[in-house]
1. Quick check: from the Cα gyration tensor, does region 129-192 come out rounded (a/c under 1.5), prolate or oblate?
2. Cβ under 14 Å from Pro155's Cβ, Pro155 left aside: what net charge do those residues give with Lys, Arg +1 and Asp, Glu -1?
3. Go from 0 up to the bin containing the longest alpha carbon distance in region 111-162, width 10 Å each, and give me the % of pairs per bin.
4. Could you put Phe96, Phe156, Phe132 in order, starting from the residue whose Cβ has the fewest other Cβ atoms within 10 Å?
5. What whole-number value in cubic angstrom gives the convex hull volume per residue for the C-alpha atoms of region 41-175?
6. Would you mind calculating the relative contact order of region 41-175 from Cα pairs under 8 angstrom and at least 6 residues apart, reporting the percent as a whole number?
7. In region 131-176, with Lys and Arg counted as +1 and Asp and Glu as -1 at Cβ, which of these residues, Gly146, Ala136, Met162, has the Cα nearest the positive end of the dipole, that is, farthest along it?
8. Full extension from Arg152 to His32: what is 0.36 nm times the residue separation minus their Cα-Cα distance, to one decimal in nm?
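Derivation of every value follows stated rules applied to the coordinates shown; laboratory data play no part. Since the model is a prediction, treat every value here as computed from it, not as a measurement. All Cβ positions, glycine included, derive from the backbone under ideal geometry; neighbour counts span all protein chains shown.
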Amino acid sequence: MISRPDRRTQSADWPDCSLGVDSVSGMPIPPHIAELRSLIGHRLLIVPTARAVVIDDDRQVVLGRDRDCDYPRWMFPGGVIDPAEHPADAAVRECFEETGIVAIPEALTSVTASPVITHKTGDLTQHIDITFRCRAVGGDARPYDGEFAEVRWYPFDDLPDMDPYDMSILRLAIERRDSAAFTFSGLTDVLGLRDDDSHRAGTY
């Protein structure tokens, strides 16, 4: 297994920022993003994110409905990768935090750039989305941290209205069988849950 720094420990070289909150959505902003925004204002910020396409044994995918009332849409769980965090770890963490589903990454299926996003605050963001096809191994689908208004499982043949970009990510996750290597730190390290032989840390 590849060793990595403990992302839970502040480095002396990393600013000790308190967790910011988006003044419009009320959602927390990662400290390093808040620090960057304080320096660049509303200018375009390229942000690495991890996303999870979580599939169950019945060929259903878990989706969350955005809280944005102007344009409510269904999307995959995911979010900003923390400093020193492996992308696969971030995908599992974000999935659990947003949907309550415990998932295991099985394949890295796409690395894509999102369209430029204009937030209500005026901030410009573009995501570099690192997407993993994941297998659900536990948990209950429900809005867990307030990011989504609703969380549901949807069959592949009965999906709700989704952004074309997200649909392309789903297609890649379903169709792609080969994958690049990725490092996963295991359920014990990421979520504090007990690992079994199929969930252990390693490079896959």
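1. Working: a/c = 1.92, a/b = 1.09, b/c = 1.77.
Oblate shape, in that a/c is at least 1.5 and b/c is the bigger or equal ratio.
2. Working: positive: Arg59, Arg152; negative: Asp56, Asp57, Asp58, Asp157, Asp158.
Neighbourhood net charge equals -3.
3. 17, 31, 44, 9
4. Values: Phe96 22, Phe156 12, Phe132 29.
Placing the least packed residue first, the sequence is Phe156, Phe96, Phe132.
5. Spread over its residues, the Cα hull of region 41-175 gives 108 Å³ apiece.
6. Working: 307 pairs, mean separation 45.7, N = 135.
Contact order relative to length: 34 percent.
7. Ala136
8. Details: separation 120, 0.36 × 120 = 43.20 nm, distance 3.09 nm.
Roughly 40.1 nm would be gained on extension.
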